[in-house]
Each structure stands twice: as structure tokens, then as C-alpha cells.
Amino acid sequence: MPEVTANETISALAGEHRGVSIELDAVTKTYPGQPQSAVADFSMRIEPGQLVMFVGPSGCGKTTTMKMVNRIIEPSSGSIRIDEKDVLSINPHELRRHIGYVIQQIGLFPHMTIAENVGAVPRLLGWDKARTAARVEELLTTVQLDPRTFAHRFPRQLSGGQQQRVGVARALAADPPVMLMDEPFGATDPITREKLQAEFLRLQATIGKTIIFVTHDFDEAIRLGDRIAVLSERSQIEQFDTPAKILANPANDYVRSFIGSGSALKRLTLIPVTSAELGPKAEGAPCVDEGATLRDALDLLVLNGGDRVNVSTADGRVTGSLTHAAISASLDTVAAEHRPVV
Ligand SMILES: Nc1ncnc2c1ncn2[C@@H]1O[C@H](COP(=O)(O)OP(=O)(O)O)[C@@H](O)[C@H]1O
Ligand SMILES: [Mg+2]
């Protein structure tokens, strides 16, 4: 097949800066000298703008599956299409400039400043200095690193969490329609990690990229994903569905063991308080913000020991109240299609 440049294909779609579809069809990877394939017959369609989490134990083939999408690893057989175009027909170097890639080891260039790191791909794509500089400034601000403070520092002068933010900014630099993220927050401490997750969710709500995000942490998968693929050995898909549906109806014992204990509580983290049936305002009851989840409301109920918790708007107006029973009932009645709560 003749090679076409990615400029004619994927970047044309990036014009509107939104995600595009990714489709893997019967993809298999057998490493040389290995008796068994690392990825066996993997098929999945990811819709434009979806954030799909690959979750599974170490060694199950998550990274191998992901790296075939940007051709860091070539499949042994099968086909991969991005926006309906066969990635094997695109020059791999070109392809990679249009796919953002974030890894746990971050991989910032140590001898380049933060600004140079973030501007690396735009420079390769031939953007002029002013456009690159403006984009770098915009992105550093987006990932909450003040350009005046950070642009001229070197990676070693930043904390792990700050470096990870630079990694995300760099991957977003050329506004790629697709992002691949391989345990990007895995090396950070729990508090930094939670912050990065929250920032990332807010960011994705505005940019709407198509993202494959690898993690071995099921709670991270629930928190971030539009959909989760629970993977076992050789990247076999045990279940591929929304977090709420997987929690409510695990396909088998393997998936159940991944969810672990507390699945009802985990489901409550996915449901905004505004989705539950509210009762009348309760005098003297504690208040939860209407942006909170039912898990937050339950937490407050348990903490206060009362029967009801009020729900209030940002300016303090109470819109109603919740009981234990209303919270439980919402597990049955609320449709399972919630997007993650930002
Ligand atoms: N370059 C390689 N050569 C041979 N085997 C590999 C190579 N990379 C990974 N593997 C093997 O392929 C399997 C899947 O690895 P990987 O995709 O890294 O899993 P995960 O990301 O889920 O931890 C593992 O058994 C691993 O040892
Ligand atoms: Mg891996």
C-alpha cells in the first residue's frame, strides 16, 4: 500500500480538535522467540471522543496493545484503523506526531527547558516560533503550571507531579485527535495522583479527545473512564462497558475479583446527588453541594448520624433532601450511563 502522510489523513480531522474513532480488528502480537502471543485476537471499536480505560494485571498485554496503535510495536497480524484509516498505510513517524503519548516514566528531554519540551512536536511539524510559544503558554496554563515560573526551568527542577503535568501538556501540544496514556499517574503519591486525575477529567471535558488510558488500578478506571475494558492474560477482553454497568453487572468472577469489595459504594461515586429523588428540605440537617455525588451524601449522613442530608446550590439555596432509602433506591432506578463526575 502506498504511504500517505498523516497530514493528509489524521491531522485533517484534528481541524475541529475533537477525537476520532479507533478500531482494532483481530490484532495479535507475538514477540520473537515467545511461544505464546502477548496479545491474542484483540478486537475493539472506540467511538470518537471516548475515554477508554484498559485495566488488568501486570503482564496481561495492556502496554503491547496500546503501543500497536501508534506503531511503536508492529502487530503480527490484524488491522488497526484510526478515523477509518489503516495506520499501517501511514508513515510511523508522521503517525506519532498526531497521537499524543504519555507514559509513567514521563520521558521529558532532560537538557531541554519545560517550554522546549512542550514545543517539541509543534517544532517538528514546522510551526513558527510565535505560534509555538503561544501554544506552550496556553498549555502550561491549562495544566496549572504558571508559564512565568516554569517555562524556563529544566525537568529536574520540577516535582514528579509537575513533571507529569508537563508530560500531558507535551502530548497535547499539536492538538492530536488521539491520546495514548500508559499508567501516566502511576508513579505519583496518592494525593498528587488524585489531583492529577481531577485536572485530567476537567481537561477532557473540554477537549474531548479519543483516549486509551492504561491502568492497573480499578478505582482509577472507574473514576476516569467513559468505558472500561477489563483485560486478562494475552489482552483478552473479559468485559467492555461503562463503569456503572460493570459495577452493577460484572460479567464473571474474574471481573468481580477486580472490582473487589464495596461495589455499591463505588457505584455511588458515579451518581450525582441531583439524579436522586429529593425529599423536602430538612431543618437543621447538614448540607451537601449539588455538584457532589451520592457517595459524598452518604458520607455526610454516616458522619452526622441523622436521617437526612440537604442538597444545596452553590449560593446556598436548599433544593431538597436525601435519606438513606433514597440513596439506595437510586442504585436501582438511575440509568447506568453517567459520565464521570468532575
Ligand atoms: N519486547 C518484548 N519481548 C518479549 N516479550 C515481551 C516484550 N514486551 C513485553 N513482553 C511480554 O508480553 C507480555 C505483555 O506485556 P505488556 O504488554 O508489557 O503487559 P502490561 O502492560 O499489561 O504489564 C508479558 O508477558 C511481557 O513479558
Ligand atoms: Mg504496561
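Please treat every number below as a calculation from the coordinates, not as lab data. Quick caveat: nothing in here was measured; it's all calculated off a predicted structure. Every residue, glycine among them, receives a Cβ derived from its backbone with ideal geometry; neighbour counts consider all protein chains shown.
Miscellaneous remarks
- Cβ charges +1 (Lys, Arg) and -1 (Asp, Glu), total dipole of the chain, debye: 760
- A Cβ-based charge dipole, computed about the Cα centre of region 163-287 with Lys and Arg at +1 and Asp and Glu at -1, lands at about 240 debye.
- Spatial extent of region 183-305: Rg and Dmax, with the Cα atoms as the point set, Å: 16.5, 57
- FRET efficiency for the Leu124 to Asp25 pair, using the beta carbon distance and R₀ = 30 Å, is estimated at 0.50.
- Selected from Leu224, Ile246, Ser263, residue furthest toward positive end of dipole (region 221-263; charges at beta carbon): Leu224
- Top of Ala151, Ala325, Ala229 by mean-square fluctuation, Gaussian network on the chain, Cα under 10 Å: Ala325
- Between the listed residues Gly78, Gln34, Met53, the Cα displaced farthest toward the positive end of the dipole of region 21-85, a dipole computed from Cβ unit charges relative to the Cα centre, is found at Gln34.
- Shape analysis of the chain based on the Cα gyration tensor places the equivalent ellipsoid semi-axes at 38, 26, 17 Å, largest first.
- Residues considered: Ile103, Ile72, Ile222. Largest GNM mean-square fluctuation over the chain, using C-alpha springs under 10 Å, is found at Ile72.
- Residue among Thr141, Thr30, Thr313 with the largest mean-square fluctuation in a Gaussian network model of the chain, springs linking Cα atoms under 10 Å: Thr313
- Its alpha carbons considered, region 79-187 gives a radius of gyration followed by a Dmax of 14.2, 45 Å.
- Over region 156-220, volume per residue of the alpha carbon convex hull, in Å³: 91
- Over region 207-251, the hull volume per residue, using the convex hull of the C-alpha atoms, is 80 Å³.
- A viscosity of 1.567 mPa s and a temperature of 4 °C, combined with the Kirkwood radius over C-alpha pairs in the Stokes-Einstein formula, give region 15-121 a diffusion coefficient of 84 µm²/s.
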